[in-house]
Every structure is written in structure tokens, then in C-alpha cells.
Amino acid sequence: MKDRAIDQSVTDIASKSILAPIAGPLTEGASMWKSKKLGLAIALAFVLGIATAKPAAPPASAASAPSPVRAAPQESQLVEHGHYTNKSGADVHSPAHSVNSQAPVGASARCGDGTYSFSQHRSGTCSHHGGVAAWL
């Protein structure tokens, strides 16, 4: 009796899942298949695993992305002194070379051409400067 109730539960759940197109034929002729319980249990575990799976954590490179809150760069440490308005409307220092080849205060990335970016968003960081060589 207990096996029959389990069979019915597995059959009901499988028929309401994304596996319904294949679960139907399997459950209709179940009496001739001795592995019905195992097959449906695997299918059920698969469906439930997908339904309850948590999204993957962001890659390590995303975790080391520039933080939106950084110290303002010190102009005395920089060779160039341009600025731009980012997508959030904030005034941001344009990528610039440092006077002593060390990362200046507030830099978020070192660009491929040796300049340092002060970007507050990943998108577009070091564009026209050889891309991001390293996040700081």
C-alpha cells in the first residue's frame, strides 16, 4: 500500500513538471517496467534540483570590481587632469598616468596603456586605454 502511494505521488509530480511529455508514457505502462520508481525518482530529483537551485555566486573578478565609494584622486599624483560624467551623473577623473608609476589614491583599475582609471562602474572602464589590465 505504501509503495502504491509513493508511486502515485511520484507519478503526479512528474506529470505536472517539465518532464510531462515523457512522464506520461512512462507512467501509463508502468506495470510492465520494474524500474519505474527509480526512473521517476531520478526525474523528480532532477526537476526539483533545477527548481530549487540557487544562482551561482558572481565570479571572483566581479567581486573585485571597483567599489562605487572611493577616495577622490589627488591631482598632484596625476599627469593628466581630465574629467567626465559617468552614467550615474557623477563627475569622475578620466584615466591618467601617475607621476611616480604607483597606483594613485582612488584608482579602481590599471589600464592596458599604463594609465589608472577612477571608474565607479565596470562597464566601459579603461575603454580607449587598452582595456582593464588589473582591478585594484
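The values are calculated or read from the model by the stated rules, or taken from the named source; none is laboratory data. Computed from a prediction, not measured in an experiment: that's the story for all the values here. All Cβ positions, even for glycine, are placed from backbone atoms using ideal geometry, and neighbour counts span all protein chains on display.
Summary of values
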| item | result |
| --- | --- |
| Selection from segment 87-100 of residues that are part of a loop (DSSP other than H, G, I, E, B) and in contact (Cβ under 8 Å) with a residue 12 or more places away in the chain | 87, 88, 90, 94, 95, 97, 99, 100 |
| Extreme residue, nearest to the chain's Cα centre (by Cα), among residues of segment 97-136 that are on the phi > 0 side of the Ramachandran plot and exposed (fewer than 15 other Cβ atoms within 10 Å of the Cβ) | 124 |
| Residue that is farthest from the chain's Cα centre (by Cα) [pool: residues in segment 59-86 that are part of a loop (DSSP other than H, G, I, E, B) and modelled with pLDDT under 60] | 68 |
